[in-house]
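**Student:** Here it is, the structure, as structure tokens.
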Amino acid sequence: MFSPLVQQTKDHVRTLFQDEGTGHDWYHIDRVHRMAVRLAELEQNVNLEAVELGALLHDIADFKFHGGDAHAGSRASRTWLESLGAPEELIAHVCDIVDNVSFKGAGVPTNQKTLEGKIVQDADRLDAMGAIGIARTFAYGGYVRKPLYDPEIPPELHQTFEAYKNNTGGSLNHFYEKLLLLKDRLNTLSAKHIAESRHRFMEQYVERFLEEWEMRI
Ligand code: ADP
Ligand code: NI
């Protein structure tokens, strides 16, 4: 049911992402892939193969794990797709999706040019929200040895990618710096709809976290 390029990419990425403990594991890729297909089914005139490859390859060399290099992902995607003999037009399209998928700070635009890119970006952003988004935030925070919360360091709406990358706050700040902003930065109507309850759940969670922290309950 998958195209040969998609099937081989899926097998490759599954192997690469085994034993990953930062919330960017194989099941994150798998959820983004499945969500991207679901969103694609609700849109007209979508290149499904570009969506699937973009979703599967979107975190293949994330800047956070490659010294802040925002293009490592598209280079790794190109090398992989060239090794499979994929057509240049498809490779360029997928690389463009991978290059522009990530959130880079509250004030930094990350617009996807194509419908396929918008779909992959929405699927990735939905996986940063809700119960799973919360779990991933504290998993990543633990990996980089961040405290759960540091009330001395207030959240910041970063205006540059540099400032976003170099943030020093606790994991709870990430809700204000990214997660609670996502619902207004989705591209497709269907993703906006799915995001509503995930957003509400995160708001309730943060409220409860602070109530417990401040011993209001
Ligand atoms: P994107 O999918 O937009 O590229 P990232 O890969 O940067 O997002 O982040 C994926 C997830 O990793 C975030 O949604 C969050 O759960 C976690 N994460 C990333 N940066 C931080 C951070 N500074 N503090 C806590 N969690 C983070
Ligand atoms: Ni991702």
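The values are calculated or read from the model by the stated rules, or taken from the named source; none is laboratory data. All values reported here derive from a predicted model rather than from experimental measurement. Backbone-built Cβ (ideal geometry, glycine too); neighbour counts: all protein chains shown. We work out accessible area using only protein heavy atoms, side chains counted, and drop any ligands, DNA or RNA first. Shrake-Rupley method; radii C 1.70, N 1.55, O 1.52, S 1.80 Å.
**Student:** How large is the charge dipole for the chain, taken about the Cα centre, if only the Cβ atoms of Lys, Arg (+1) and Asp, Glu (-1) carry charge, to the nearest 20 debye? Before the final figure, lay out the partial values.
**Tutor:** Values: 24 positive and 33 negative charges, 48 e Å.
Roughly 240 debye, rounded to the nearest 20.
**Student:** Taking 1 over the mean of 1/r across every pair of different Cα atoms in segment 146-206, what Kirkwood radius in Å do you get? Spell out each step's value before the answer.
**Tutor:** On the way: mean 1/r = 0.0787 Å⁻¹.
About 12.7 Å for segment 146-206.
**Student:** Anything in the chain that counts as a DSSP H helix reaching 24 Å or more along its axis (C-alpha) with Kyte-Doolittle mean of at least -1.0? List them, would you? Can you show the working numbers first?
**Tutor:** Numbers: long enough: 189-213 (36 Å, -0.85).
The answer, listed by residue number, is 189-213.
**Student:** Taking a probe of 1.4 Å, how large is the accessible area per residue of the chain, in Å²?
**Tutor:** Numbers: 10910 Å² over 217 residues.
That works out to 50 Å² per residue.
**Student:** Taking the Kirkwood radius as the inverse of the mean 1/r across Cα pairs, report the Rg/Rh of segment 76-162.
**Tutor:** Working: Rg = 16.6 Å, Rh = 15.5 Å.
Radius of gyration over Kirkwood radius for segment 76-162 works out to 1.07.
**Student:** Let me ask another. Give me the percent of accessible area attributable to carbon and sulfur for the chain, probe 1.4 angstrom.
**Tutor:** After summing per-atom areas, the C and S share lands at 52 percent.
**Student:** Label points 7 Å out from Cα along the Cβ direction at Met215 and Ser197: separation in nm?
**Tutor:** 3.7 nm
**Student:** How much of the calculated P(r) for segment 1-97 lies past 17 Å, in percent of all Cα pairs? Let's see the in-between values first.
**Tutor:** Values: 2282 of 4656 pairs.
For segment 1-97, the share of Cα pairs beyond 17 Å comes to 49 percent.
**Student:** Also, quick follow-up: How much length would be gained if the chain were fully extended between Leu180 and Leu157, taking 0.36 nm per residue of separation minus their Cα-Cα distance, in nm to one decimal? Let's see the in-between values first.
**Tutor:** Values: separation 23, 0.36 × 23 = 8.28 nm, distance 1.15 nm.
My answer for the length gained is 7.1 nm.
**Student:** What lysines sit close enough to Lys118 to cross-link, taking a C-alpha to C-alpha distance under 25 Å and skipping anything fewer than 8 places away on the same chain?
**Tutor:** Output for Lys118: Lys10, Lys64, Lys104, Lys165, Lys178, Lys183, Lys192.
**Student:** Give the longest segment of the chain that steers clear of trypsin sites (Lys or Arg not before Pro) in DSSP loops with at most 14 neighbouring Cβ atoms within 10 Å, not counting the sites themselves.
**Tutor:** Answer from the scan: 1-112.
**Student:** Can I ask one more? Given R₀ = 30 Å, what would the calculated FRET efficiency be for Asp25 paired with Leu148, taking r from the Cβ atoms and rounding to 0.05? Don't jump to the answer; show the numbers that get you there.
**Tutor:** On the way: r = 21 Å, r/R0 = 0.69.
Efficiency at R0 = 30 Å is approximately 0.90.
**Student:** For Thr15 and Arg38, compute 0.36 nm times the residue count separating them, minus their Cα-Cα distance, and round to one decimal in nm. Mind dumping the intermediate values first?
**Tutor:** Values: separation 23, 0.36 × 23 = 8.28 nm, distance 2.38 nm.
Once the chain is fully extended between Thr15 and Arg38, it gains 5.9 nm.
**Student:** So what's the back-of-envelope 222 nm ellipticity for the chain, counting only DSSP H runs of four-plus at -39500 (n - 2.57) apiece and dividing by all residues, rounded to 500?
**Tutor:** -18000 deg cm²/dmol
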